[in-house]
Amino acid sequence: MRVAPPSWTARRSLTRLCARSSPLVVAPFTVSVYALAVNKSLRDARRARVGVFGFFVLSGFVMGLWAAGLPSLNDRLGLGPGRLGTVLLLVSGGALVSMLLAGRIVDRFSSRAVCWFAGPVSAVVLLGPALAPSYPVLAGLAVVFGLGLGVTEVAMNAHSVEVERAYGRPIISAFHGAWSLGGAAGGGLTSIVLTAGIHAQALLVVAALAVPLLYLPAARMLLPDPPAPAGARQAAAGAPEGGTGGGTGGGGALRWGLVALLGAAAFAGHLSEGAAIDWAAMHARLVLHAGPAAAPLAYTVFAVAMTTVRLLGDPIRGRLGPVLTMKLAGGFATFGYVLVLAAPLADGTIRVVWAWTGWALVGVGLATVVPVIFSAVGAAGGSVGRALSTVTAFGYTGLLLGPAVLGYVAQHWRLEIALVIPCLMAAAVALTGVPAVRALTAPAAPRTPCPQPATTD
């Protein structure tokens, strides 16, 4: 495990001390100071990793409570499908707007500072939808809820990139798996509460008051704010911002052309993921004629495969490397969709098993897309807030547009034809993501050392 060495100022002080003192006296002291600095960096990284896990779990938990409580919210206010769809669109719109703005805030104040504020606030604003007395009030508060979600999303992902830099090996994927587990916990708790005869509104209110308190110990574990980095000073002076990528070893500059390619890959991956989330069960029911109990298992297979790979996939990603991982991600997801599209050609129950296999491969492939993209952004070094917010907004747009576009195509043609779109998007993940990831994570070219002036005694 690689950790950040002592700062340049500390090394300069040690060098001066060595020059003025006897080597037999100073050498053990220098080694001890260096070891203390390394150990402190290691402790900070480990603590921060736990803290980021906390942020992802709590963020997923809040989203799970919100999603699972929608039926009760619909019943309480008598919304109906149209108004409920508008509320969801307003939440997503607020999140998208705040994602685009959050990057500048993170680069200005640090991801740690924004996490301290955005995490608790994103839970507190859940009070708005929970207590909204009418649809017009709910519509306005839904935007506020979305704004809080978007800022938290960018801030905690930016900090996860910083923690991965400190670790020097892939760890981001497990964070996203933890988000999925948090969402499942929120949904499961809602089911338990409703079974006990408690209204979902009460649960949302309690969660909005309790979860912010749970964010605080997680925030205390985050990495301390570093001093003003050289990359930021260069960027402020107009100098090109390259990077060594911290622990990830990248040598590519974070140019906006590469950010656009990563954004395209995120858009394609999220569109393919949204298609699986919203249409896997419908495909099993309408196209494969699976029974009411068997049809939902299509989505379950996809979700289990994706969550498992995200939780356990970091060592694999570290062994394969980011470029090969991105290639395999697009390949697995594309082949999975091909199996789903070909499933109607099989006979009887085999067609359902065939489709399940396809959805599992889609989950395995798409599970690593976002971690590789975010890690590549971090590999470029420097401030990552604006780049991450742009890439995240691209991906979120794909997640929003995908299911709606597929529904439109399925209504005017057939669902089988509509699913060709995410199949093509899965292939686009590799076509757009691989060149950008390769450019950002390629080893930096060795620099020619500057000649040292000759010294005379």
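The values are calculated or read from the model by the stated rules, or taken from the named source; none is laboratory data. None of the values given here were measured: they were computed from a predicted structure. Every residue, glycine as well, gets a Cβ built from its backbone with ideal geometry; the counts of neighbours run over all protein chains shown. Please note that ligands, DNA and RNA were not included when accessible areas were found on the heavy atoms of the full protein model with its side chains. Shrake-Rupley method; radii C 1.70, N 1.55, O 1.52, S 1.80 Å.
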Query - Yes/no for E153 being modelled with pLDDT of 90 or more and out of contact with any strand residue (DSSP E or B) (no Cβ under 8 Å at 6 or more places or on another chain) - result: yes
Query raised in the report: Could you count how many residues in segment 334-358 are aliphatic (A, V, I, L, M) and farther than 21 Å from R414 by Cα?
Result: 2
Requested in this report: Kindly provide the set of residues from segment 410-426 that are assigned to a helix (DSSP H, G or I) and open to solvent by 20 Å² or more (accessible area, probe 1.4 Å), ordered by number.
Outcome: A410, Q411, H412, E416, I417, V420, I421, L424, M425
Query raised in the report: Under the condition of being among the hydrophobic types (A, V, I, L, M, F, W, C), closer than 12 Å to D225 by Cβ and touching a Leu at 6+ places or on another chain (Cβ under 9 Å), which residue from segment 105-135 is most open to solvent (accessible area, probe 1.4 Å)?
Result: W116
Query raised in the report: Looking at (1) polar (S, T, N, Q); (2) at pLDDT below 85; (3) assigned to a helix (DSSP H, G or I), can you tell me which one T392 breaks?
Result: (2)
Report summary line: Checked segment 401-426 for anything at pLDDT below 80 and within 22 Å of the chain's Cα centre (by Cα); matches are L401, G402, P403
Report task. Output yes when any residue across segment 396-408 is outside any helix (DSSP H, G or I), surrounded by fewer than 23 Cβ atoms within 10 Å (Cβ to Cβ) and free of Cβ contacts under 8 Å to residues at least 60 places away in the same chain, and no when none is. Result -> no
Requested in this report: Enumerate the pairs (first residue in segment 193-210 and under 15 Å from P71 (Cα atoms); second residue anywhere and modelled with pLDDT of 90 or more and not in a helix (DSSP H, G or I)) with beta-carbon separation below 9 Å, excluding pairs fewer than 6 apart on the same chain, so at least 6 apart or on different chains.
Outcome: L204/L126
Report summary line: Across segment 137-181, the tally of residues that are closer than 15 Å to F61 by Cβ and crowded, with 21+ Cβ neighbours inside 10 Å stands at 12
**Report entry** Restricting segment 293-304 to residues that are touching a residue at least 24 places away in the same chain (Cβ under 8 Å) and over 17 Å from the mean Cα position of the chain (by Cα), the residue that is farthest from S173 (Cα to Cα)
**Finding:** A294
Query raised in the report: Any chance segment 204-216 includes a residue that's farther than 22 Å from L90 by Cα, of a type outside the set (S, T, N, Q) and crowded, with 22+ Cβ neighbours inside 10 Å?
Result: yes
